[in-house]
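Note sheet for the following structure.
The values are calculated or read from the model by the stated rules, or taken from the named source; none is laboratory data. Note that this is a predicted model, so its numbers are computed, not measured. Because the Cβ atoms are built from the backbone with ideal geometry, glycine has one as well, and the counts that use them run over all protein chains shown. The protein model used for the area step is the full one, side chains on, heavy atoms only, and it has no ligands, DNA or RNA in it. Shrake-Rupley method; radii C 1.70, N 1.55, O 1.52, S 1.80 Å.
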Amino acid sequence: MDFLIPVMAAAISAATPLLLAATGELVVERSGVLNLGIEGMMLMGAMAGFAAALLTGSHLAGLLAAALAGMLMALVFAVLTLSLSANQVASGLALTIFGIGLSALVGAPYVGQPVPALPKLDIAGLSDLPVAGPLLFRHDGLVYFSVAAVAATWWFLNRTHAGLKLRAVGESAQAAHALGHPVIAIRYAASLFGGAMAGLAGAFLSLSYTPMWMEGMTAGRGWIALALVVFSAWRPWRALVGAYLFGGVGIVQLHAQGAWGLPSEMFSMLPYVATVLVLTVISARSQAGGTGSRAPADLGKPFRASR
């Protein structure tokens, strides 16, 4: 247990940025918008959050700056795809490339500078429990926020009138428009929410997981978050399970490197191999007529209001 509990606690931390980004992207895709720019938004959030926390000495300012940076990146994507009807796939890829380059340029002065990590919450009476304490009740606030965001997203999509409208827009934008729903406004709001969550995911990396800024520190996590949305069949609770699964794989490979002495590159690729395998299984089930894929019918399709 002395070995297992720290590994499981580390897996929870490793899963948090994946869960934050995947939850935001899930809402975006349920509205019918496919944003492949998560990696770029996460990097901008990581850089902006670190810089704001370093300059102001406030973690709250860092988190707000990260969310704002992600939203601004998402706004660029939304203007291109929703207002100007640009191709969503091409625009998302361009957003990722833009975010990688801009974060490296603007963040260059902050490389190597230290910043205090987000404080761990001390929950009276729970943090000192023998097993549950170190495993569940000694994390920072963003870990608990990520789980709360999953619950709130599920409730919003399935129990609110606004969530029903968003899902209707994702299934058939033209039908939703005919019923009087503001399709473009709903998709803008969903895109901005996705950007804010991606920015917070990046801030978790630079303010908590490894409290520092370095170029390209997301290391492909944005792409794993995209795969998680498909893995979850666009359902929030499945995204939570998938995030902890992939987070656990990432932590296990770190411990396996030291235990087995094999090349580090072999173990570093495990999370991405797992991602490919999961997507392959889901695709095979979909081709066989299974229920593995429940993508919104209008996902990635541009909307133009019919006269």
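In table form, for the structure just shown:
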| item | result |
| --- | --- |
| The chain, helix-only ellipticity at 222 nm - DSSP H runs n ≥ 4, -39,500 (n - 2.57), divided by all residues, nearest 500 | -22500 deg cm²/dmol |
| Mean Cβ neighbour count within 10 Å, used as a protection proxy, ranking 117-124, 182-189, 166-173 highest first | 166-173, 182-189, 117-124 |
| Solvent-accessible ranking of 128, 298, largest area first, probe 1.4 Å | 128, 298 |
| Cα pair distances exceeding 17 angstrom across the stretch 4-124, given as percent | 63 percent |
| Value of Rg to Rh for the stretch 180-261 (Rh from inverse mean 1/r over Cα pairs, i.e. Kirkwood) | 1.08 |
| Rg to Rh, two decimals, where the stretch 72-170 supplies the alpha carbon set and Rh follows Kirkwood | 1.13 |
| Residue order for 277, 126 - accessible surface, 1.4 angstrom probe, largest first | 277, 126 |
| For residue 213, residues with placed amide H under 5 Å, excluding near neighbours | 112, 113 |
| FRET E, pair residue 128, residue 178, Förster distance 51 Å, beta-carbon r, rounded to 0.05 | 0.30 |
| Positive minus negative residues near residue 119 (Lys, Arg vs Asp, Glu; Cβ under 14 Å) | 0 |
| Charge sum, other residues only, whose C-beta stays under 14 Å from residue 300's C-beta, Lys/Arg counted +1 and Asp/Glu -1 | -1 |
| Spin-label model distance (nm) - residue 117 vs residue 58, 7 Å beyond Cα toward Cβ | 2.4 nm |
| Taking the chain and dividing mean pair separation by its residue count, relative contact order in percent (alpha carbons under 8 Å, at least six apart) | 36 percent |
| Whole-Å semi-axes of the ellipsoid equivalent to the stretch 48-95 (Cα gyration tensor, √5λ, descending) | 29, 9, 6 |
| Helical segments meeting 30 Å axial Cα length and Kyte-Doolittle -1.0 threshold in the chain (DSSP H) | 4-30, 183-204, 236-260 |
| Long-range HN-HN contacts of residue 86 with modeled amide H, under 5 Å | 81 |
| Charge context of residue 41, other residues only, Cβ under 15 angstrom, K/R +1, D/E -1 | -2 |
| Average accessible area per residue (Å²) across the chain - probe 1.4 Å, nucleic acids and ligands excluded | 45 Å² |
| Fraction of accessible area attributable to carbon and sulfur, the stretch 206-250 (%, probe 1.4 Å) | 70 percent |
